[in-house]
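Remarks on the structure that follows.
The values are calculated or read from the model by the stated rules, or taken from the named source; none is laboratory data. Treat the numbers as computed from the prediction; the structure is a model and nothing was measured. For neighbour counting, all protein chains shown are included, and Cβ atoms are generated from backbone atoms with ideal geometry for every residue, glycine included.
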Amino acid sequence: MLKNKKNSYVYYFIVLILFAPHAFAAAVIDQISPQQVAKNTNFSFTVTVTDAGSSTVWKKILGPDWVNINGTTGEVYGTTPNEGEAHYVQIKLISDGQADIMTFILIAGSQTVYWMDGSGSNPATLTEASGVMSAGDVLIIPDGTYTGNDNTINGNANSNGIVSGTTGNFTTFIAENPGEANFPSIYLKGGEYIAYKGLELSNGLTVDGTFRFGIVSNHVKVMMSSAMSGGFNALYGSNYVLFEDVFAYGDSRAVFRVGSTGSPSSHIIFRRCVARHDFTTNDNPTAMMMQYGGENVLFQNCIAIDQSKNSANFAAAYDHYGAWETKNGSNVYIKDSIALNLVEGFYFGDSNTDNVQFSNSIGWDIGVGSTARSPNTTYDNMTFGNANAQSTENFFDDRSASNSVFFTDSIFHDIEGTGTNAPPTYRAKIVINNAPESANNLFNPIQSDITIGATTGAIIGIDPVDGTPGNGTPGIRYLIRIESSSDAANNGVGATIEYRRGTSGALWGASGYDTLSADSLWPWPNEDQIKTKMGAYSYNSGSISVNGDRGFASSTAKQLNGINDVTLTSYIWEYLGNQIPCDIYSTCANNPSEATVTPSAGANGSILPNTAQMITLNTTIQFTVSPATDYTASMGGTCGGNLSGDTYTTNTITENCVVEATFALTDTDDDGLADLEEQQLGTNPNSKDTDNDGLEDGWEVDNRLDPLDGVCPEWVCKGGLRSWRHAIPLTD
């Protein structure tokens, strides 16, 4: 039941709250009236467009799995579950190569929906809302900045904003427009089945599991929200907490934190979280993602990025641990995640943590590597690159003395040091130290003073980035994936992070909570707002100085095409200097900046790479062409180019084209006889006319003459036909 702003009750079948569209082009998604959907109910409606182009394609970017959109017609449809809750749904229209994005609220259930606008009997503050809401109700919060105690959720002092729901009915506090309702902070203590969505917190959000109001905080969802300081935390025994599509920056001990010593939180998920650590005023150890006393903790598709490089910003903390730190607790899983452009390291594990598993994740441009004092720490299908030591620690080190820390199927690229502990410079001495169970890892380049620790099947002599040395196919053209047909792919090493992990909104143990979906992770959801908020942030006090307009949040940086502004997605995809594929933003048909070069090879030889390659326009690409023994390659196709040795370099590529390699038996002297045939006949493969009779060997064989008798037949020589010998037909 929707309680509207005129204080009258109106029953609807479907409730959708529309947000102002983010316009990229002339085509604009039209507004949709508020509607509400009962549980377990089929629904459908068609989204209309103003100034639609000749072709339109629709996509769902965010939202529950039970919400679908017809890619051609724009019909939104699905069946609501047996669970009451308000959800964000974000859809995208692509019309003639240009796009428009809209986010709206879809409410499942027949609960009461309040607007926090003070009209009629609607509440004007969180205090008033807590007085009128019942379990499972929805509070829609208009844009604005809300201040004072009546708008501060503080479980230590009051029950503002703490209205517990029930199993199957989440009480939802949701911003009318994501990120446009600002509150001082949220400190939830003693609440369950509560969802906070689309809120901006000046001083962070904490779910505290301390017993209050007769319960311990559990089954809490925090989605599409942000924190300017304080970060997002699940502490003191809270359990079954989800942080999804959230981002945090500014001042914090830990941008995302789980647990506390002595009171472990459990079953906590961080899904698609973005952390930028700007500074800390806390004197305790600091990290971007900290597991400090938790059990069963998941980080899925999380990004730690662009840490401040001003050392004074972290001087207050007595230890600095970079992207991830674990202390106490057990069963911590980091999956499909990225640490990029950090001053500090990738991971530090304390000895009191057990069973930490990293998989399919990336650490690039990181200060140091990874030191594990915690037993049973594993790293599988990792990509590490440009790790620069600042101290005498070894890189990727087992210090647990447990022989249970190991690395498998991972890449270690350009591991070196920049410190000055020993003249002339200090380099990390050992990569993979005390981890003898490690296997099938690729190392390149290898610095002269770096040692690879005990490992089985070390792969060396292959550059995983550009493929040279190696088979010539770049393995890491884009930071987030391993290219097919590369040596890295053929050896099964490195990380590929292209799809979302975990069903949207799913708490630990729910269906699909840790499955890899078929939904693309890119473009990153809500990235425009993430960039805008982080880019606008600044702080200056004493020696601490923060300019948020940097890295992916730079207001002036352009993508490699020189036209579009940098986004979080393009920043990561283009980090290694290759232009983002046009299909990521569905712009291939609109001023394409790339072309596809498709290679093929006939029998008796090969070409590598052997799959279609997408390259930047007005550049060239090289292929390695390898004929079989006794064969020679000939190149054709529409790209044009030059074959030098076994390397074929195309002409400048201006459009999609093909490269075709064919192979024929080698004919060194070009006399019409293959070298293999000449060996069988006894003729000289380096002379067109072995017997010096004035006739080419191949012509003589074709015309049933002896290429070794030194005789030019009378009907040829005396007939004046010598100059026509290539065209003389055989006659009887």
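Quick notes on this structure:
- Single residue of the range 324-365 satisfying the filter (of a type in the set (Val, Ile, Thr) and modelled with pLDDT of 90 or more) that is farthest from the chain's Cα centre (by Cα): Thr326
- Pairs with Cβ under 6 Å, 6+ apart, first in the range 60-77 and in the same structural domain as Val89 (by TED's automatic domain parsing), second of a type in the set (Ser, Thr, Tyr) and surrounded by 21 or more Cβ atoms within 10 Å (Cβ to Cβ): Pro64/Ser504
- All of (1) touching a strand residue (DSSP E or B) at 6+ places or on another chain (Cβ under 7 Å); (2) of a type in the set (Asp, Glu); (3) part of a loop (DSSP other than H, G, I, E, B) hold for Asp549 with one exception: (1).
- Within the option set Gly509, Gly505, Gly492, being in the same structural domain as Ala439 (by TED's automatic domain parsing), surrounded by 20 or more Cβ atoms within 10 Å (Cβ to Cβ) and either in a loop (DSSP other than H, G, I, E, B) or in contact (Cβ under 8 Å) with a residue 24 or more places away in the chain (or both) holds for one residue only, Gly505.
- One residue from Ser266, Ser226 being under 28 Å from Asp528 (Cα atoms) and small (Gly, Ala, Ser): Ser226
- Residues of the range 630-668 that are in contact with a Ser or Thr (Cβ under 6 Å, 6 or more places away or on another chain), closer than 14 Å to Pro599 by Cα and assigned to a strand (DSSP E or B): Ser634, Gly641, Thr649, Thr650, Cys657, Val658, Glu660, Thr662.
- Odd one out for Ala518 among (1) surrounded by 14 or more Cβ atoms within 10 Å (Cβ to Cβ); (2) within 19 Å of the chain's Cα centre (by Cα); (3) assigned to a strand (DSSP E or B): (1)
- Some residue of the range 230-249 being of a type in the set (Phe, Trp, Tyr), surrounded by fewer than 24 Cβ atoms within 10 Å (Cβ to Cβ), in a strand (DSSP E or B) and within 26 Å of the chain's Cα centre (by Cα): yes
- Some residue of the range 250-266 being within 30 Å of Ala317 (Cα to Cα), touching a Phe, Trp or Tyr at 6+ places or on another chain (Cβ under 6 Å) and among the aliphatic types (A, V, I, L, M): no
- Within the range 115-166, being crowded, with 21+ Cβ neighbours inside 10 Å and of a type in the set (Ser, Thr, Tyr) holds for Thr152, Ser164.
- Members of the range 1-55 found to be modelled with pLDDT of 50 or more, farther than 21 Å from Gln90 by Cβ and outside any loop (DSSP other than H, G, I, E, B), listed by number: Asn42
- Restricting Arg271, Arg257 to those that are crowded, with 24+ Cβ neighbours inside 10 Å, more than 22 Å from Phe183 (Cα to Cα), at pLDDT 95 or above and basic (Lys, Arg) reduces the list to Arg271.
- Just one of the listed residues (Ile607, Ile615, Ile621) is of a type in the set (A, V, I, L, M, F, W, C) and either surrounded by fewer than 16 Cβ atoms within 10 Å (Cβ to Cβ) or touching a residue at least 40 places away in the same chain (Cβ under 8 Å) (or both), and it is Ile607.
- Residues (modelled with pLDDT under 90 and more than 18 Å from the chain's Cα centre (by Cα)) located in the range 475-511: Ser485
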